[in-house]
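The values are calculated or read from the model by the stated rules, or taken from the named source; none is laboratory data. None of these values were measured; they are calculated from a predicted model. Here the Cβ is made from the backbone with ideal geometry for all residues, glycine too, and neighbour counts use every protein chain on show.
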């Protein structure tokens, strides 16, 4: 039986984020690289207010970015 693994978690939002905002996910992750000193919800708020992302999309990007970032960079 062939297993087709469907993308789950925050990354499942990526196709919609790219379609809705016209930027690749790498663009948003680069922005988040510059916000590593901020807490999760502050990063979400920045994406919403400065870039017009919806809450769910902003939260998915931040959650994914924080999961990929070494623990020492997430002290905030």
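The set of residues in region 37-60 that are assigned to a loop (DSSP other than H, G, I, E, B) and either surrounded by 15 or more Cβ atoms within 10 Å (Cβ to Cβ) or in contact with a strand residue (DSSP E or B) (Cβ under 8 Å, 6 or more places away or on another chain) (or both) comprises 38, 53, 54. Cβ separations smaller than 9 Å between residues 6+ apart or across chains give the following pairs from region 36-49 residues that are over 15 Å from residue 64 (Cβ atoms) to residues that are outside any helix (DSSP H, G or I) and modelled with pLDDT of 95 or more: 42/35; 45/38; 46/35; 46/38; 48/54.
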